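To start, the structure itself, in structure tokens.
The values are calculated or read from the model by the stated rules, or taken from the named source; none is laboratory data. What you see is a predicted model, and the numbers here were worked out from it, not measured in a lab. Cβ sites come from the backbone with ideal geometry, for glycine too, and all protein chains shown count toward neighbours. Note: areas computed on protein heavy atoms with side chains; ligands, DNA, RNA excluded. Shrake-Rupley method; radii C 1.70, N 1.55, O 1.52, S 1.80 Å.
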Amino acid sequence: MEVMVIEEALRARPDDFAAWHAYSDRLLRQGDARGMLIRLEQRLARTRPADRPAVEREIADLVAEHEDRWDDGLPGRARVRSRRYGFATEVAVEWSDDVREVVEQVLRAPFVTTLRITSNAAAEEDWDDEDGDDDEEWYLAVDRGELRPGRLDLRALAGLDLGRLTELDLSYLSVGFDGAELLAALFASDRLRALDLRYCRIADTGLAALAACPHLGGLRRLHLQRNRVTAEGVRSLHRFTELTELDLRYNDLGEAGGQALLAAPFAGSLTRLWLYDSDVGQDGVRKLAQAANLPPGLRSMWRCV
């Protein structure tokens, strides 16, 4: 029970230097090399530049010797995308008939807080583009039948609690509005900070269901690129009062959508806003360019459109 309390505290405060140091004591007593890795990486952070190469070599040797055993508790199809002190923190899994069991096993790992579910590895590798430059080509490829994003029946995840997660990425999966409604029921805490639903086709109905979830009010980053969202959907976003990053590209928002965005309680706190002039029309562009409640940097950007 004590170790579960420690791990819960570290998930909540992953940068707590002292707590990790204390956790390393327990790991070392158990013969887990990650205890030494914690010590070495913390020492590296305090080491002067001239002495860093020696510590870095020691870390590299330790990782090379032990890393292949650190993921024994994860399912074979899980791909670790990020680690902290050797522990998996971000994991990607491919949707499958047994996805519930796979995700459940992933969530047993003590420090996994970011989960990405993909439709197939080829589509992710060939078309994942963080800046969105290839999004239109991806969408056209789907329409031509060259790529087949899986239609998710989120009932397969029923009963799971995704409340440990701080980030969830379902981008390029056909969730649909009904899937969004089911997704909203999978959170039993307010820890989620980032939700990526690009190209998930959730529409206004699905967005309203997510906005109504009492455990998603802490979202900071929300990606809704090409989801058939209109001004009505933007008004649902008003419940996400803490948003700082918002992606609404390729949605037919119109001037009313631009106005609804400016009326949102988070408008003045946005640090990043992905939106095209064609999404809101010229009248919408003028409103954004003149909006006193938008941060100056964002307002200036719209003045240049």
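Just to be sure before I move on: is GLY163 without any contact (Cβ under 8 Å) to a residue 40 or more places away in the chain and surrounded by fewer than 22 Cβ atoms within 10 Å (Cβ to Cβ) in the structure I sent?
Spelling it out, it is not the case that GLY163 is without any contact (Cβ under 8 Å) to a residue 40 or more places away in the chain and surrounded by fewer than 22 Cβ atoms within 10 Å (Cβ to Cβ).
Residues in the range 236-257 that are over 22 Å from the mean Cα position of the chain (by Cα) and over 20 Å from ARG198 (Cβ atoms): GLY254, GLU255, ALA256. The set of residues from the range 152-174 being more than 18 Å from ASP190 (Cα to Cα) and polar (S, T, N, Q) comprises SER171, SER174.
Being open to solvent by 30 Å² or more (accessible area, probe 1.4 Å), on the phi < 0 side of the Ramachandran plot, modelled with pLDDT of 95 or more and over 16 Å from the mean Cα position of the chain (by Cα): is that true of ALA292 here? The answer is no for ALA292. Within the range 60-78, not a single residue is open to solvent by 20 Å² or more (accessible area, probe 1.4 Å) and assigned to a strand (DSSP E or B). Among all positions in the range 171-182, there is at least one residue which is under 15 Å from the mean Cα position of the chain (by Cα) and either modelled with pLDDT of 95 or more or open to solvent by 10 Å² or more (accessible area, probe 1.4 Å) (or both).
Okay, residues lined up against (1) among the polar types (S, T, N, Q); (2) touching a strand residue (DSSP E or B) at 6+ places or on another chain (Cβ under 6 Å); (3) within 30 Å of SER174 (Cα to Cα):
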| site | (1), (2), (3) |
| --- | --- |
| SER24 | yes, no, no |
| GLY35 | no, no, no |
| ASP51 | no, no, no |
| GLU58 | no, no, no |
| GLU67 | no, no, no |
| GLY76 | no, no, yes |
| ARG84 | no, no, no |
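For the range 73-103, a residue qualifies if it is more than 18 Å from the chain's Cα centre (by Cα) and over 22 Å from PRO14 (Cα atoms), and the qualifying residues are PRO75, GLY76, ARG77, SER96, ASP97, ASP98, VAL99, ARG100, GLU101, VAL102. The number of residues in the range 193-207 being on the phi < 0 side of the Ramachandran plot and either in contact with a Phe, Trp or Tyr (Cβ under 7 Å, 6 or more places away or on another chain) or in a strand (DSSP E or B) (or both) comes to 7. Looking only at residues in the range 208-235 that are open to solvent by 10 Å² or more (accessible area, probe 1.4 Å) and assigned to a strand (DSSP E or B), the one that is nearest to GLU167 (Cα to Cα) is ARG221. Selection of first residues in the range 179-197 that are farther than 12 Å from LEU154 by Cβ and of second residues that are acidic (Asp, Glu), restricted to Cβ pairs under 6 Å at least 6 apart or on distinct chains, gives the following pairs, ordered by first then second residue: ALA188/ASP161; ALA194/GLU167; ASP196/ASP169.
Taking the range 26-52 as the range and being within 23 Å of GLU67 (Cα to Cα), open to solvent by less than 60 Å² (accessible area, probe 1.4 Å) and free of Cβ contacts under 8 Å to residues at least 24 places away in the same chain as the test, the residues that pass are ARG26, LEU27, ASP32, GLY35, LEU40, LEU44.
The set of residues from the range 236-252 being closer than 16 Å to ASP204 by Cβ, open to solvent by 10 Å² or more (accessible area, probe 1.4 Å) and not acidic (Asp, Glu) comprises SER236, HIS238, ARG239, TYR250.
If you filter the range 269-282 down to residues that are open to solvent by less than 70 Å² (accessible area, probe 1.4 Å) and not hydrophobic (A, V, I, L, M, F, W, C), you find that the one that is farthest from ARG221 (Cα to Cα) is GLY281. Of the strands (runs of 3 or more DSSP E) that lie entirely inside the range 79-144, those containing 2 or more residues that are within 30 Å of GLU58 (Cβ to Cβ), modelled with pLDDT of 60 or more and open to solvent by 20 Å² or more (accessible area, probe 1.4 Å) span 79-84, 87-94.
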